[in-house]
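Worksheet: one structure, shown below.
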Amino acid sequence: MRRYLLALLVFSAFPAAACAQTLAQRIAAVESGTVRLSFAARPGVCGDGRHNIRVADGNEEWEEDCEPQPVRVALEVRDRRVTEVRSYVGGRWRSGVSATDLGTVRPQAAAAYFISLAERDGDVSGDPLLPATLADSITIWPALLRLARTPAVSQETRRTAVFWLGEAAGTAAARTLDSIAGDSAGDREVRKQAVFALSQRSGNEGVPALLRIARTNPDPELRKTALFWLGQSEDPRALTLFEEILR
């Protein structure tokens, strides 16, 4: 899943919020059953029609069979409440299956809806944040950071938000994850997830933060977790730290 990259979602965009409310109302109008919707994926997103969704890695020599199509999401609704989210890229809806199809919606509206769904319903099966990260023309990391730091949100949702923050490209993501890991007032499991997410960053982004956590974080569990992922990195800087500790 490391090859997922994130677009960004700005929640101060009032038109997008208004569209998301309209989308929520359309979904809430279905008492029970399956609701389908589609929206534009950001450039590079492709899939095999099942659950293998990725972003093209820019390999100039080899092109995999991966269809660049819209994001398609199926929602299971029971008593006007969403209970499951299934996301696809590639393939097509199977004909003859009973469902309410909302057609193509704006990606900004879809992303805002799925972020709100993740925040509101901790018991939803599947990952509501995944389709939000695939949507075109949006900025999502501020919302993910807010979710990761909101105690009222379920621990699983906060951990998932941290994971997707770890997939947000660039040094800014590493700084954000570092700040979560170093927040002594934060939930330990969420902080450990931030350490893991740092281990998925490139060596020049993740390793320095892991080294700092391993050396200075007051929580022994966080230091232990950082040391574990440093051991998986095969980075010579990690070997230097191990030598220091063993001496």
Strands (runs of 3 or more DSSP E) lying entirely in the range 36-146 (those with 2 or more residues that are within 16 Å of ARG26 (Cα to Cα)):
71-78, 81-89, 100-104
Residue list for the range 220-247, restricted to those being surrounded by 11 or more Cβ atoms within 10 Å (Cβ to Cβ), closer than 17 Å to ASP178 by Cα and out of contact with any helix residue (DSSP H, G or I) (no Cβ under 7 Å at 6 or more places or on another chain):
LYS224, PHE228
What pairs come up if the first residue lies in the range 20-41 and is in the same structural domain as THR100 (by TED's automatic domain parsing), the second is surrounded by fewer than 19 Cβ atoms within 10 Å (Cβ to Cβ) and among the polar types (S, T, N, Q), and their beta carbons are under 6 Å apart, counting only those six or more places apart or on different chains?
VAL30/THR100; VAL35/THR100; SER38/THR104
For the range 136-151, pairs from a residue that is within 12 Å of ALA112 (Cβ to Cβ) to a residue that is of a type in the set (Val, Ile, Thr) and in a helix (DSSP H, G or I), with Cβ under 8 Å and 6 or more apart or across chains, are ILE140/ILE115; ILE140/THR133; ALA143/ILE115
Going by the conditions given, is GLU156 surrounded by fewer than 19 Cβ atoms within 10 Å (Cβ to Cβ), in contact (Cβ under 8 Å) with a residue 12 or more places away in the chain and either in a helix (DSSP H, G or I) or over 13 Å from the mean Cα position of the chain (by Cα) (or both)?
yes
Does THR150 fit the bill of being within 27 Å of PRO128 (Cβ to Cβ), among the hydroxyl-bearing types (Ser, Thr, Tyr) and assigned to a loop (DSSP other than H, G, I, E, B)?
yes
Just checking, how many residues over the range 93-123 are surrounded by fewer than 19 Cβ atoms within 10 Å (Cβ to Cβ), free of Cβ contacts under 8 Å to residues at least 60 places away in the same chain and over 20 Å from GLY49 (Cβ atoms)?
4
For the range 194-222, how many residues are farther than 22 Å from ARG149 by Cβ and in a helix (DSSP H, G or I)?
8
Going by the conditions given, is VAL89 within 17 Å of VAL55 (Cα to Cα), among the aliphatic types (A, V, I, L, M) and assigned by TED's automatic domain parsing to the domain that holds VAL45?
yes
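The values are calculated or read from the model by the stated rules, or taken from the named source; none is laboratory data. If you're wondering where the values come from, they're calculated on a predicted model, not measured in any experiment. In this analysis, Cβ positions are derived from the backbone assuming ideal geometry, glycine residues included, and neighbour counts consider all displayed protein chains.
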